[in-house]
1. Among the residues of region 441-458, write down those that are assigned to a helix (DSSP H, G or I) and among the charged types (D, E, K, R).
2. Of everything in region 127-145 that's touching a Phe, Trp or Tyr at 6+ places or on another chain (Cβ under 9 Å) and away from ligand 1 (no atom under 16 Å from the Cβ), which residue is nearest to Trp292 (Cα to Cα)?
3. Looking at region 399-425 only, could you name the residues that are assigned to a helix (DSSP H, G or I) and within 16 Å of ligand 2 (Cβ to nearest atom)?
4. Output the residues belonging to region 58-73 that are more than 13 Å from ligand 2 (Cβ to nearest atom) and either surrounded by fewer than 13 Cβ atoms within 10 Å (Cβ to Cβ) or within 20 Å of Ile430 (Cα to Cα) (or both).
5. Please indicate, with yes or no, whether at least one residue in region 431-440 is closer than 25 Å to Phe159 by Cβ, within 16 Å of ligand 1 (Cβ to nearest atom) and assigned to a helix (DSSP H, G or I).
6. For Val213, indicate whether it is within 15 Å of ligand 1 (Cβ to nearest atom) and of a type in the set (A, V, I, L, M, F, W, C).
7. Applying the selection to region 59-72, what residues are under 20 Å from the mean Cα position of the chain (by Cα) and either away from ligand 1 (no atom under 16 Å from the Cβ) or hydroxyl-bearing (Ser, Thr, Tyr) (or both)?
8. Looking at region 287-330, which of its residues are more than 14 Å from Gly133 (Cβ to Cβ), in a loop (DSSP other than H, G, I, E, B) and of a type in the set (A, V, I, L, M, F, W, C)?
Amino acid sequence: MRGILRSSGLSLSWGFLRRNNPLGSCLCYSKADMSAVAKARRLEGVDKNIWVEFVKLASTYKTVNLGQGFPNFPPPDFVREAFVEAISSNDTMIHQYTRAFGHPSLVTILAKFFGKLLGRELDPLTNVLVTVGAYQALFSCFQALVDDGDEVIIIEPFFDCYELMTEMAGGIPVFVPLQPKAAADGKLMSSGDWQLDPEELAAKFTKRTKAIVLNSPNNPLGKVFSRKELELIARLCVQHNVLCFSDEVYEWLVYDGNKHIRIASLPGMWERTVTIGSAGKTFSATGWKVGWALGPDELLTHLRTVHQNSVYHCATAAQVAVARALQIEYERLEKPESYFVQLPKELQQKRDQLVNCLSAVGMKPVVPEGTYFMMVDLSDFDAPLPDLQDSEEPYDFRFVKWMIKNKGLAAIPVSAFYSTPQKKNFDHFIRFCFAKENATLEAAAAILQQWSEMKPAQ
Ligand code: PMP
Ligand code: GLN
């Protein structure tokens with residue numbers, strides 16, 4: 001802090017005030033005053049955070065937690081063993097700093113693995129950056145590549161940080177919605193029924209557009225973008241010379257024979273795409289906070305500048321463990337014993353279990369094609385509820401808060417994943433996470449069942 005009292009219009013340093021304060025040695029500012037003086041302008045409007053608020057709520061009350069997205073089952077044995085092996089190694093350097101942009105063994109296997117998936121040779125030293133989770137890869141993208149006044153196209157519903165990170169970089173978010181189409185008669189809606197209007201999307205690309213954020217499979221909807229949809233986005237990016245930040249943290253979590261397509265593999269896209277991944281999501285170990293960014297050197301060089309001047313590098317032992325786990329998966333890629341084949345199979349069963357339970361109580365699930373999230377329409381849910389209408393807060397926020405406190409079941413309100421003008425249109429949806437032990441899903445089902453069987457209050 002430079003110590004200038006900007007808000008008062010005075011240009012007095014703290015040192016001057018301390019020396020010349022007529023009140024004596026004590027400068028009596030309240031906590032609130034100090035906070036207002038200290039806050040940098042780039043934090044304007046980004047100080048509230050859905051995760052901080054709802055993680056706290058879910059832990060304050062005794063809940064069955066289908067809120068924040070993390071598995072409550074353990075990572076597979078080979079992944080845990082890789083970590084134990086890493087920290088028990090005789091190489092004492094495992095406990096020290098390593099290469100800033102990624103430990104050699106991790107960038108090597110990431111280049112080999114994703115080189116194969118993308119169908120191009122990747123240079124471990126220039127096309128791969130290891131980050132503190134996908135969050136830091138995203139943050140580095142926005143800080144490195146978005147300038148004041150640049151427009152960034154965000155497809156909604158969107159993982160909330162895209163809007164906030166755009167704003168922190170001085171950019172302007174430009175939203176384009178996935179429009180729900182009615183499901184076929186008697187069928188549940190699928191995330192695939194939510195689609196972009198090609199003309200509306202094309203109209204968002206202007207001379208000021210710097211980047212589009214793509215998240216497939218999408219959090220919170222679970223949509224897996226089809227090749228045709230990705231080709232449309234790619235064509236517009238190439239035509240308007242726009243970058244693509246492709247958040248693919250749920251790349252392995254696709255169901256019903258759907259296929260995850262990497263937009264960087266489409267013609268003209270490699271040179272303008274940063275692909276973002278997460279070991280936390282890949283290996284069911286969200287607390288490890290190892291992520292990566294893949295892309296051309298011309299873009300990654302700027303992400304490296306942000307990285308070297310902020311976190312510098314991430315935990316060496318965690319990187320070594322992720323490298324080992326990826327090596328094991330590389331050797332059995334697409335084979336039935338692969339974790340990347342096993343995990344989606346297990347999650348698809350959990351998804352179906354939750355779909356059945358929600359349908360039975362009158363909550364309408366949007367069946368996700370991917371991720372471990374499910375959006376649920378509350379419009380026809382008629383279990384007894386007090387009147388939640390008399391507040392400024394969106395309905396889904398009030399509903400989830402009430403459910404946490406009174407029913408002991410946690411979810412996330414979906415309007416948190418929408419821009420301000422759209423929030424009211426989607427505040428009758430909530431999001432459940434189904435990457436949970438069967439006992440947890442059964443406990444949630446029991447709560448919903450009991451609740452739906454209660455008589456309405458007279
Ligand atoms: N992108 C999406 C779409 C997410 O849901 C999350 C949450 N895990 C992240 C990025 C951040 O991932 P990480 O935990 O690896 O930082
Ligand atoms: N990505 C996770 C989710 O969507 C968690 C995000 C967080 O806790 N910040 O639930």
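1. Scanning region 441-458 gives Glu442, Glu453.
2. Asn127
3. Listed by number, the residues that qualify are Val400, Ile404, Val414, Ser415, Ala416, Phe417.
4. Result: Thr60, Tyr61, Lys62, Thr63, Val64.
5. no
6. yes
7. none
8. none
The values are calculated or read from the model by the stated rules, or taken from the named source; none is laboratory data. The structure presented is a predicted model; accordingly, all values stated were derived computationally and were not measured. Reconstructed Cβ throughout: ideal geometry from the backbone, glycine too, with neighbour counts over all protein chains shown.
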